[in-house]
Amino acid sequence: MSNMNQMLRQAQAMQRKLAKAQEELATKEVSGSAGGGVVTAVVAGGGTSLKSVTIDPDAVDPADVEMLQDMVVAAVNEALRAAKKLESETMGDITGGLGLPPGLV
């Protein structure tokens with residue numbers, strides 16, 4: 001029974017660490033850009049929300065709105081990938097070698 005209690009304490013400690021890590025991720029921001037920095041997107045560290053999009057005025061060409069739209073999508077996707085990487089690295093440090101799938105933590 002002592003072994004089970006120890007496992008339970010370890011699981012509770014890991015749960016507290018994961019909650020703290022998620023709180024810390026929510027306070028961080030990561031960015032992605034497209035078009036050589038013409039469009040930049042900033043997302044929350046956990047990838048849960050888009051914080052801002054910055055567009056260089058020189059990128060606004062009324063004759064080619066589609067290009068600008070594509071750059072916005074590319075910048076947001078790059079920022080989301082960066083957030084996922086940050087989350088994976090942060091949670092991986094806590095979960096160690098448990099082999100848990102990334103979406104599970």
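The values are calculated or read from the model by the stated rules, or taken from the named source; none is laboratory data. What you see is a predicted model, and the numbers here were worked out from it, not measured in a lab. Please note: Cβ atoms are built from the backbone with ideal geometry, for glycine as well, and neighbour counts cover all protein chains shown.
Contact map, region 75-88: residues that are in a helix (DSSP H, G or I) paired with residues that are of a type in the set (Lys, Arg) and modelled with pLDDT under 95, Cβ distance under 8 Å, separation 6+ or inter-chain. Pairs shown: Leu86/Lys28. Residue-level check: of (1) surrounded by fewer than 17 Cβ atoms within 10 Å (Cβ to Cβ); (2) among the β-branched types (Val, Ile, Thr); (3) touching a Lys or Arg at 6+ places or on another chain (Cβ under 7 Å), Val43 misses just (1).
Selection within region 23-40: residues that are surrounded by 14 or more Cβ atoms within 10 Å (Cβ to Cβ) and among the hydroxyl-bearing types (Ser, Thr, Tyr). The member of this set that is farthest from Met71 (Cα to Cα) is Ser31. Restricting Val60, Val65, Val39, Val72 to those that are without any contact (Cβ under 8 Å) to a residue 60 or more places away in the chain and in contact with a Ser or Thr (Cβ under 7 Å, 6 or more places away or on another chain) reduces the list to Val39. The requirement of being in a helix (DSSP H, G or I) and loosely packed, with under 13 Cβ neighbours inside 10 Å is satisfied by Lys20.
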